[in-house]
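Have a look at the structure below, then the notes.
The values are calculated or read from the model by the stated rules, or taken from the named source; none is laboratory data. As the structure is a computational prediction, the values presented were derived from the model and not from experiment. Methodologically, a virtual Cβ is constructed for each residue, glycine included, from the backbone with ideal geometry; neighbour enumeration extends over all protein chains shown.
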Amino acid sequence: MRPLLLLFLMSVCILSCKKKVEKVPAIDKREITVDTIYTQKKNLSDFHIFDLYSMENDGSYNTFISLSDIYNDSLAIPEDIIQNQKTRTFAELKHFELTGNYREKLLKGTSLSEIDTLFLYDYKNARLQKFPIRDLKSVANLNLYTSEGEEISDYDYMIGFELNQTESSQEKAMDKTNYSLAYFGKKNPFSGEKMVPIHWKKTTAEEYPLSLKNQKNLGDTYTAKFENFTYYLQDFTGEYGNSKRQLAVLKDRKIIYAKTFSLGEGADFSPLNFVNNNDYDDWQWTGRLFKDKPPVVFGFVSESFGCSSINFLDQSYPDFYIDCDNRH
(Lines give C-alpha, C1' and ligand atoms only; values in the text may rest on other atoms or scores of the structure.)
Protein backbone atom coordinates (compact mmCIF):
# COMPACT_ATOMS: atom_id res chain seq x y z
CA MET A 1 0.00 0.00 0.00
CA ARG A 2 1.26 3.46 -0.85
CA PRO A 3 2.63 5.43 2.16
CA LEU A 4 0.39 8.44 1.56
CA LEU A 5 -2.74 6.27 1.25
CA LEU A 6 -1.82 4.36 4.41
CA LEU A 7 -1.31 7.61 6.33
CA PHE A 8 -4.69 8.87 5.13
CA LEU A 9 -6.52 5.72 6.21
CA MET A 10 -4.87 5.79 9.62
CA SER A 11 -5.95 9.40 10.12
CA VAL A 12 -9.56 8.56 9.21
CA CYS A 13 -9.57 5.65 11.68
CA ILE A 14 -8.21 7.78 14.51
CA LEU A 15 -10.80 10.49 13.94
CA SER A 16 -13.71 8.08 13.58
CA CYS A 17 -12.77 6.05 16.68
CA LYS A 18 -12.77 9.02 19.03
CA LYS A 19 -15.79 9.21 21.35
CA LYS A 20 -18.23 11.76 20.02
CA VAL A 21 -19.06 14.81 22.11
CA GLU A 22 -22.49 16.30 21.53
CA LYS A 23 -22.22 19.67 19.87
CA VAL A 24 -24.89 22.18 20.80
CA PRO A 25 -25.32 25.69 19.45
CA ALA A 26 -22.90 28.09 21.06
CA ILE A 27 -24.33 30.11 23.93
CA ASP A 28 -23.58 33.75 24.48
CA LYS A 29 -23.69 33.76 28.28
CA ARG A 30 -24.21 37.52 28.27
CA GLU A 31 -27.71 36.82 26.91
CA ILE A 32 -28.58 34.40 29.72
CA THR A 33 -30.58 35.72 32.64
CA VAL A 34 -31.34 34.04 35.96
CA ASP A 35 -34.94 33.99 37.15
CA THR A 36 -34.88 35.02 40.81
CA ILE A 37 -38.19 36.89 40.97
CA TYR A 38 -39.86 35.38 44.03
CA THR A 39 -40.23 36.44 47.62
CA GLN A 40 -40.51 33.17 49.54
CA LYS A 41 -40.80 29.45 48.99
CA LYS A 42 -44.24 27.94 48.61
CA ASN A 43 -45.44 25.89 51.56
CA LEU A 44 -45.76 22.18 50.72
CA SER A 45 -45.75 20.92 54.31
CA ASP A 46 -49.27 19.46 53.95
CA PHE A 47 -48.56 17.81 50.60
CA HIS A 48 -47.30 14.25 51.12
CA ILE A 49 -46.22 11.77 48.46
CA PHE A 50 -45.27 8.29 49.65
CA ASP A 51 -42.98 5.53 48.48
CA LEU A 52 -44.25 1.95 48.21
CA TYR A 53 -42.96 -1.28 49.76
CA SER A 54 -43.34 -4.91 48.71
CA MET A 55 -43.61 -6.76 52.03
CA GLU A 56 -43.24 -10.53 52.36
CA ASN A 57 -45.48 -12.30 54.84
CA ASP A 58 -46.11 -16.07 54.99
CA GLY A 59 -44.60 -16.60 51.55
CA SER A 60 -46.68 -14.01 49.71
CA TYR A 61 -46.09 -10.32 48.95
CA ASN A 62 -48.27 -7.30 49.62
CA THR A 63 -48.06 -3.68 48.52
CA PHE A 64 -47.67 -1.53 51.64
CA ILE A 65 -47.51 2.24 52.15
CA SER A 66 -46.01 3.37 55.43
CA LEU A 67 -47.38 6.54 57.03
CA SER A 68 -44.89 6.53 59.90
CA ASP A 69 -43.14 9.63 58.55
CA ILE A 70 -46.26 11.65 59.40
CA TYR A 71 -47.86 9.44 62.07
CA ASN A 72 -46.14 9.59 65.44
CA ASP A 73 -48.09 7.96 68.24
CA SER A 74 -46.32 6.10 71.03
CA LEU A 75 -49.51 4.06 71.58
CA ALA A 76 -49.99 3.07 67.95
CA ILE A 77 -49.24 -0.61 68.67
CA PRO A 78 -51.41 -2.75 71.00
CA GLU A 79 -49.70 -2.86 74.36
CA ASP A 80 -49.87 -6.64 74.69
CA ILE A 81 -47.85 -7.08 71.46
CA ILE A 82 -44.82 -5.46 73.05
CA GLN A 83 -45.31 -6.80 76.58
CA ASN A 84 -45.89 -10.42 75.51
CA GLN A 85 -43.52 -10.61 72.55
CA LYS A 86 -41.58 -13.52 74.01
CA THR A 87 -44.71 -15.70 73.88
CA ARG A 88 -45.35 -14.97 70.19
CA THR A 89 -43.78 -16.31 67.04
CA PHE A 90 -41.73 -13.98 64.86
CA ALA A 91 -44.39 -14.28 62.13
CA GLU A 92 -47.01 -13.03 64.62
CA LEU A 93 -44.81 -10.09 65.58
CA LYS A 94 -43.67 -9.29 62.06
CA HIS A 95 -47.02 -8.32 60.58
CA PHE A 96 -50.53 -7.84 61.94
CA GLU A 97 -53.68 -5.86 61.25
CA LEU A 98 -54.61 -2.80 63.30
CA THR A 99 -58.34 -2.78 63.96
CA GLY A 100 -60.84 -0.90 66.09
CA ASN A 101 -59.35 1.89 68.17
CA TYR A 102 -55.89 1.48 66.59
CA ARG A 103 -57.25 2.02 63.08
CA GLU A 104 -59.18 5.06 64.31
CA LYS A 105 -56.01 6.46 65.89
CA LEU A 106 -54.14 6.01 62.59
CA LEU A 107 -56.83 7.85 60.64
CA LYS A 108 -57.05 10.67 63.16
CA GLY A 109 -53.26 10.99 63.43
CA THR A 110 -52.90 11.36 59.67
CA SER A 111 -55.99 13.55 59.14
CA LEU A 112 -57.59 10.92 56.90
CA SER A 113 -61.05 9.39 56.84
CA GLU A 114 -62.62 6.18 55.57
CA ILE A 115 -64.10 8.05 52.60
CA ASP A 116 -60.71 9.34 51.43
CA THR A 117 -58.84 7.60 48.61
CA LEU A 118 -55.42 6.10 48.01
CA PHE A 119 -54.15 7.23 44.60
CA LEU A 120 -51.36 5.05 43.16
CA TYR A 121 -49.65 6.54 40.13
CA ASP A 122 -47.28 4.72 37.79
CA TYR A 123 -45.45 7.70 36.26
CA LYS A 124 -43.66 5.58 33.65
CA ASN A 125 -46.88 4.41 32.04
CA ALA A 126 -49.25 7.18 33.22
CA ARG A 127 -51.40 4.59 34.98
CA LEU A 128 -53.57 5.64 37.91
CA GLN A 129 -55.22 3.29 40.40
CA LYS A 130 -57.69 4.36 43.08
CA PHE A 131 -58.53 2.51 46.30
CA PRO A 132 -61.01 3.77 48.92
CA ILE A 133 -59.35 3.77 52.34
CA ARG A 134 -62.31 1.83 53.75
CA ASP A 135 -61.21 -1.09 51.53
CA LEU A 136 -57.59 -1.07 52.76
CA LYS A 137 -56.15 -2.92 55.72
CA SER A 138 -54.45 -0.82 58.37
CA VAL A 139 -51.39 -2.83 59.39
CA ALA A 140 -48.12 -2.77 61.29
CA ASN A 141 -44.98 -4.25 59.72
CA LEU A 142 -41.64 -4.69 61.42
CA ASN A 143 -39.06 -2.66 59.57
CA LEU A 144 -36.72 -4.56 57.29
CA TYR A 145 -33.73 -4.25 59.65
CA THR A 146 -35.32 -5.99 62.64
CA SER A 147 -34.29 -9.63 62.97
CA GLU A 148 -35.83 -12.55 64.79
CA GLY A 149 -34.77 -12.76 68.44
CA GLU A 150 -34.22 -9.02 68.88
CA GLU A 151 -36.03 -7.04 71.54
CA ILE A 152 -38.84 -5.16 69.79
CA SER A 153 -40.20 -1.71 70.62
CA ASP A 154 -43.04 0.37 69.22
CA TYR A 155 -40.52 2.32 67.15
CA ASP A 156 -39.54 -0.80 65.18
CA TYR A 157 -42.92 -0.87 63.42
CA MET A 158 -43.88 0.75 60.15
CA ILE A 159 -47.55 1.67 60.30
CA GLY A 160 -49.78 2.27 57.31
CA PHE A 161 -52.12 0.73 54.77
CA GLU A 162 -51.91 -2.47 52.78
CA LEU A 163 -53.64 -3.34 49.53
CA ASN A 164 -55.89 -6.38 49.75
CA GLN A 165 -53.92 -8.02 46.96
CA THR A 166 -51.16 -10.60 47.20
CA GLU A 167 -48.53 -11.80 44.76
CA SER A 168 -46.71 -15.11 44.75
CA SER A 169 -43.28 -13.69 43.93
CA GLN A 170 -41.26 -10.61 44.76
CA GLU A 171 -40.77 -9.91 41.07
CA LYS A 172 -44.52 -9.64 40.47
CA ALA A 173 -44.92 -7.49 43.55
CA MET A 174 -42.11 -5.19 42.47
CA ASP A 175 -43.85 -4.68 39.12
CA LYS A 176 -46.61 -2.96 41.10
CA THR A 177 -44.31 -0.72 43.11
CA ASN A 178 -41.58 0.21 40.62
CA TYR A 179 -42.06 3.67 39.10
CA SER A 180 -45.03 4.30 41.40
CA LEU A 181 -45.90 6.91 44.01
CA ALA A 182 -48.80 7.13 46.46
CA TYR A 183 -51.03 9.92 47.71
CA PHE A 184 -53.88 9.82 50.24
CA GLY A 185 -56.69 12.34 50.10
CA LYS A 186 -59.88 13.45 48.39
CA LYS A 187 -58.53 14.64 45.03
CA ASN A 188 -56.02 13.06 42.67
CA PRO A 189 -52.90 15.29 42.54
CA PHE A 190 -51.24 13.51 39.61
CA SER A 191 -51.25 14.97 36.10
CA GLY A 192 -51.96 11.78 34.16
CA GLU A 193 -48.97 12.44 31.89
CA LYS A 194 -46.08 10.07 31.34
CA MET A 195 -42.77 11.08 32.81
CA VAL A 196 -39.77 10.96 30.46
CA PRO A 197 -36.28 9.56 31.18
CA ILE A 198 -33.80 12.42 30.71
CA HIS A 199 -31.65 11.63 27.67
CA TRP A 200 -28.21 13.00 28.57
CA LYS A 201 -25.57 13.71 25.93
CA LYS A 202 -22.03 14.80 26.56
CA THR A 203 -21.14 18.38 25.70
CA THR A 204 -18.40 20.84 26.67
CA ALA A 205 -17.96 23.04 29.73
CA GLU A 206 -18.02 26.07 27.43
CA GLU A 207 -21.68 25.34 26.73
CA TYR A 208 -22.65 25.31 30.41
CA PRO A 209 -24.84 28.42 30.93
CA LEU A 210 -23.67 29.39 34.43
CA SER A 211 -20.28 30.94 34.91
CA LEU A 212 -17.51 28.45 35.72
CA LYS A 213 -14.86 31.15 36.07
CA ASN A 214 -12.34 30.31 38.80
CA GLN A 215 -14.08 26.97 39.38
CA LYS A 216 -11.67 24.11 39.97
CA ASN A 217 -11.88 20.37 39.44
CA LEU A 218 -14.30 20.56 36.54
CA GLY A 219 -15.57 17.17 35.41
CA ASP A 220 -17.77 16.23 32.47
CA THR A 221 -20.63 18.34 31.16
CA TYR A 222 -23.95 17.01 29.85
CA THR A 223 -27.05 18.39 28.18
CA ALA A 224 -30.58 17.19 27.45
CA LYS A 225 -33.83 18.51 25.99
CA PHE A 226 -37.45 18.24 27.11
CA GLU A 227 -40.05 20.19 25.17
CA ASN A 228 -38.84 23.82 25.33
CA PHE A 229 -36.52 23.18 28.29
CA THR A 230 -32.78 22.62 27.97
CA TYR A 231 -31.00 20.89 30.83
CA TYR A 232 -27.30 21.19 31.62
CA LEU A 233 -25.39 19.17 34.19
CA GLN A 234 -21.86 20.01 35.30
CA ASP A 235 -19.77 17.53 37.30
CA PHE A 236 -17.11 18.55 39.80
CA THR A 237 -14.51 15.97 40.72
CA GLY A 238 -13.05 15.11 44.11
CA GLU A 239 -10.72 12.59 45.64
CA TYR A 240 -13.14 9.71 45.16
CA GLY A 241 -14.91 10.66 41.94
CA ASN A 242 -17.60 13.28 41.48
CA SER A 243 -18.01 15.45 44.58
CA LYS A 244 -21.04 17.41 43.35
CA ARG A 245 -23.26 17.97 40.34
CA GLN A 246 -24.75 21.30 39.31
CA LEU A 247 -27.97 21.37 37.31
CA ALA A 248 -29.12 24.39 35.32
CA VAL A 249 -32.38 24.46 33.36
CA LEU A 250 -33.04 26.99 30.60
CA LYS A 251 -36.31 28.10 29.07
CA ASP A 252 -36.37 30.94 26.54
CA ARG A 253 -32.71 31.68 27.32
CA LYS A 254 -33.54 32.21 30.97
CA ILE A 255 -32.24 30.00 33.76
CA ILE A 256 -35.47 29.07 35.51
CA TYR A 257 -33.90 26.57 37.88
CA ALA A 258 -30.46 25.81 39.31
CA LYS A 259 -29.56 23.20 41.88
CA THR A 260 -26.33 21.74 43.23
CA PHE A 261 -26.52 18.09 44.24
CA SER A 262 -24.05 16.93 46.87
CA LEU A 263 -23.69 13.68 48.78
CA GLY A 264 -24.75 13.00 52.35
CA GLU A 265 -23.64 10.04 54.42
CA GLY A 266 -23.94 6.78 52.51
CA ALA A 267 -25.36 8.46 49.40
CA ASP A 268 -24.08 8.19 45.85
CA PHE A 269 -24.77 9.83 42.54
CA SER A 270 -27.09 7.79 40.37
CA PRO A 271 -25.77 6.69 36.96
CA LEU A 272 -26.66 9.10 34.17
CA ASN A 273 -29.12 7.86 31.57
CA PHE A 274 -27.60 6.93 28.20
CA VAL A 275 -24.02 7.91 29.05
CA ASN A 276 -22.83 5.48 31.72
CA ASN A 277 -23.42 2.23 29.77
CA ASN A 278 -26.05 1.08 32.24
CA ASP A 279 -28.43 -1.82 32.08
CA TYR A 280 -31.13 0.74 32.86
CA ASP A 281 -31.44 4.19 31.35
CA ASP A 282 -34.24 5.43 33.56
CA TRP A 283 -32.58 6.92 36.62
CA GLN A 284 -33.34 10.60 35.99
CA TRP A 285 -36.89 11.57 35.04
CA THR A 286 -38.63 14.77 34.04
CA GLY A 287 -42.11 15.91 33.11
CA ARG A 288 -45.37 17.15 34.54
CA LEU A 289 -45.96 14.84 37.47
CA PHE A 290 -48.54 16.93 39.35
CA LYS A 291 -51.59 18.92 38.37
CA ASP A 292 -51.31 22.71 38.61
CA LYS A 293 -47.61 22.55 39.47
CA PRO A 294 -44.42 23.12 37.45
CA PRO A 295 -42.57 20.27 35.73
CA VAL A 296 -40.19 18.28 37.91
CA VAL A 297 -36.88 16.43 37.77
CA PHE A 298 -35.70 13.66 40.07
CA GLY A 299 -33.36 10.68 40.31
CA PHE A 300 -29.95 12.33 40.72
CA VAL A 301 -28.90 10.92 44.09
CA SER A 302 -29.30 7.40 45.48
CA GLU A 303 -29.92 7.87 49.20
CA SER A 304 -28.95 5.42 51.91
CA PHE A 305 -30.05 7.16 55.10
CA GLY A 306 -32.69 9.51 53.76
CA CYS A 307 -35.46 9.87 51.20
CA SER A 308 -35.19 10.98 47.59
CA SER A 309 -36.23 14.45 46.51
CA ILE A 310 -38.43 15.70 43.71
CA ASN A 311 -37.34 19.08 42.36
CA PHE A 312 -39.80 21.49 40.77
CA LEU A 313 -38.43 23.52 37.87
CA ASP A 314 -39.43 26.73 39.60
CA GLN A 315 -37.22 28.52 42.13
CA SER A 316 -40.26 29.48 44.20
CA TYR A 317 -40.79 25.84 45.15
CA PRO A 318 -38.72 24.16 47.90
CA ASP A 319 -36.95 20.85 47.53
CA PHE A 320 -39.68 18.28 48.01
CA TYR A 321 -38.88 14.96 49.70
CA ILE A 322 -40.86 11.75 49.28
CA ASP A 323 -42.00 10.12 52.53
CA CYS A 324 -40.15 6.80 52.39
CA ASP A 325 -39.85 5.73 56.08
CA ASN A 326 -36.15 4.97 55.70
CA ARG A 327 -35.08 3.05 58.82
CA HIS A 328 -31.57 2.29 57.57
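Quick grid of which residues meet (1) surrounded by 13 or more Cβ atoms within 10 Å (Cβ to Cβ); (2) assigned to a loop (DSSP other than H, G, I, E, B); (3) at pLDDT 95 or above:
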position: Asn242; (1), (2), (3): yes, no, no
position: Leu247; (1), (2), (3): yes, no, yes
position: Glu265; (1), (2), (3): no, yes, no
position: Asn273; (1), (2), (3): yes, yes, yes
position: Val297; (1), (2), (3): yes, no, yes
position: Gln315; (1), (2), (3): yes, yes, no
position: Pro318; (1), (2), (3): yes, yes, no
position: Asn326; (1), (2), (3): yes, yes, no
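On the basis of being touching a residue at least 12 places away in the same chain (Cβ under 8 Å), within 23 Å of Asp279 (Cβ to Cβ) and surrounded by 15 or more Cβ atoms within 10 Å (Cβ to Cβ), does Ile152 make the cut? The answer is no for Ile152. Scoring Tyr257 on the criteria (1) in contact with a strand residue (DSSP E or B) (Cβ under 7 Å, 6 or more places away or on another chain); (2) over 25 Å from Leu181 (Cβ atoms); (3) of a type outside the set (Lys, Arg) leaves a single failure, condition (2).
With respect to the conditions (1) free of Cβ contacts under 8 Å to residues at least 60 places away in the same chain; (2) part of a helix (DSSP H, G or I), Phe96 lacks only one, and its number is (2).
Yes or no: segment 157-173 includes at least one residue that is modelled with pLDDT of 95 or more, over 22 Å from the mean Cα position of the chain (by Cα) and either of a type in the set (A, V, I, L, M) or farther than 24 Å from Lys259 by Cα (or both). Yes, segment 157-173 contains at least one residue that is modelled with pLDDT of 95 or more, over 22 Å from the mean Cα position of the chain (by Cα) and either of a type in the set (A, V, I, L, M) or farther than 24 Å from Lys259 by Cα (or both). So, in segment 155-181, of the ones that are among the hydroxyl-bearing types (Ser, Thr, Tyr) and part of a strand (DSSP E or B), which residue ends up surrounded by the most Cβ atoms within 10 Å (Cβ to Cβ)? Among residues in segment 155-181 that are among the hydroxyl-bearing types (Ser, Thr, Tyr) and part of a strand (DSSP E or B), the one surrounded by the most Cβ atoms within 10 Å (Cβ to Cβ) is Tyr157.
Select, from Asp116, Asp80, the only residue that is over 16 Å from Val139 (Cβ atoms), surrounded by 15 or more Cβ atoms within 10 Å (Cβ to Cβ) and in the same structural domain as Gln170 (by TED's automatic domain parsing). None of the other options fit; the residue is Asp116. Of all the numbered requirements in (1) outside the structural domain of Asn125 (by TED's automatic domain parsing); (2) modelled with pLDDT of 90 or more, Leu181 misses one, and that requirement is (1).
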